[in-house]
Amino acid sequence: MTKQQLLAEVEDLLRSMPSREAFQQHRDAETLPWLGRAAAAIEKWDVIKSARCALAVTELQHTGMVQHAMGYTAIKTLLYQARADLRMDVGQLRACQKITE
């Protein structure tokens, strides 16, 4: 998978992220496939961040409001971080390609 493809996946995950209410109401048919995709994308982007992602998934499934909110915020922040990092990398790749042409 190229960085451009991973960036497209991360952007789609951010667009299609289920609401906090969907996670709180345990709408598993909606949230579990999305969580699987998000965890896979984060691991592909940065394997070290996958530990934080696993914790966020656990927090999201917690019944306590504070833990749940922390998990939701953490996974969303990881995806925003991945997007920003990949945009910088993809932008640098484009700039280098233009220089060598």
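The values are calculated or read from the model by the stated rules, or taken from the named source; none is laboratory data. The model shown is predicted, which means the values in this text are computed figures rather than measured ones. Note that we place each Cβ from the backbone using ideal geometry, even for glycine, and neighbour counts take in every protein chain shown.
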Might you check whether a residue that is surrounded by 16 or more Cβ atoms within 10 Å (Cβ to Cβ), among the aromatic types (Phe, Trp, Tyr), under 22 Å from residue 90 (Cβ atoms) and modelled with pLDDT of 95 or more occurs anywhere in the range 22-42?
no
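Can we say residue 58 is assigned to a helix (DSSP H, G or I), among the hydroxyl-bearing types (Ser, Thr, Tyr) and exposed (fewer than 12 other Cβ atoms within 10 Å of the Cβ)?
yes
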Given (1) in contact with a His (Cβ under 6 Å, 6 or more places away or on another chain); (2) modelled with pLDDT of 95 or more, index of the condition residue 62 fails
(2)
